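Enquirer: A single structure is presented below for examination.
The values are calculated or read from the model by the stated rules, or taken from the named source; none is laboratory data. In this text, all values refer to a predicted model and were calculated from it rather than measured experimentally. Counting neighbours? That spans all protein chains shown, and the Cβs are built from the backbone with ideal geometry, glycine included. Side chains are part of the model used for accessible areas, which takes the heavy atoms of the whole protein and leaves out ligands, DNA and RNA. Shrake-Rupley method; radii C 1.70, N 1.55, O 1.52, S 1.80 Å.
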Amino acid sequence: MSLSGKYDDQNIFAKIIAGEAPAIKIFEDDAVVAFMDIFPQSPGHCLVVPKAPARNLLDLSDDVAALAITRVKAVARAVETALSPDGIIISQFNGAPAGQTVFHIHFHIIPRWENQALGRHGGGQADTVELKAQAAKIRAALT
Ligand code: AMP
């Protein structure tokens, strides 16, 4: 799928936003929903997903992009408090050749620890109980 194109409202993140697919949520307001990545590259890997129907950052309005980055920062801070990582990757892919696999704008928050290898992008599915425990800690650190 190319960088430009029509937004597909049947993508998995659109379904999560609409409440039609499950997610282990951390935070939600009018602008974004944040939830655990079920194929995490490290423990605590989560996603901040603007609710606007945009395929990528280039399709997002400036206003929503500005709101979204404040939520990304807040969730990253909560991840820092909850999980005490040594570093945090914030990433966002635009178009399949750039690594995008879900064509609804989203930001990755990926905690990193010294001497711990980063998992493969879209690797194995995580244990739901573990994801829920991580989400609870991150949620608690947000409030
Ligand atoms: P990207 O390559 O930036 O489009 O990343 C999409 C991300 O969504 C990947 O890290 C996937 O592991 C993640 N993902 C795919 N389906 C789901 C889902 N149903 N719930 C949570 N995360 C998902």
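Enquirer: Check the straight Cα-Cα distances from Lys6 and name the lysines below 25 Å, setting aside those fewer than 8 residues away within the same chain.
Expert: Straight-distance partners of Lys6: Lys15, Lys51.
Enquirer: How much mean residue ellipticity at 222 nm does the chain get from its helices, if each DSSP H run of length 4 or more adds -39500 (n - 2.57) and you divide by all residues, to the nearest 500 deg cm²/dmol?
Expert: -9500 deg cm²/dmol
Enquirer: In whole angstrom, note down how far apart the Cα centers of region 21-78 and region 99-137 are.
Expert: 13
Enquirer: Quick one: helix 62-83 against the long Cα principal axis of the chain, what's the angle to the nearest 10°, folded into 0 to 90?
Expert: 20
Enquirer: Something else: Carbon and sulfur: what percent of the chain's accessible surface (1.4 Å probe)?
Expert: 55
Enquirer: Given H placed 1.01 Å from N in the peptide plane, which residues other than close sequence neighbours of Ile88 have an amide H under 5 Å from its amide H?
Expert: Arg112
Enquirer: Mind pulling the angle between the C-alpha long axis of helix 128-142 and the longest principal axis of the chain? Nearest 10 degrees, somewhere in 0 to 90.
Expert: So the helix axis and the longest Cα principal axis differ by about 90 degrees.
Enquirer: Continuing with the same structure: If you take the square roots of the eigenvalues of the alpha-carbon gyration tensor of region 12-142 and sort them as a ≥ b ≥ c, do you get rounded (a/c under 1.5), prolate (a/b over b/c) or oblate?
Expert: rounded
Enquirer: Now, a different point. I need the peptides 39-49, 120-130, 61-71 ranked by packing, meaning the mean over residues of other C-beta atoms within 10 angstrom, with the highest value on top.
Expert: Descending mean neighbour count gives 39-49, 61-71, 120-130.
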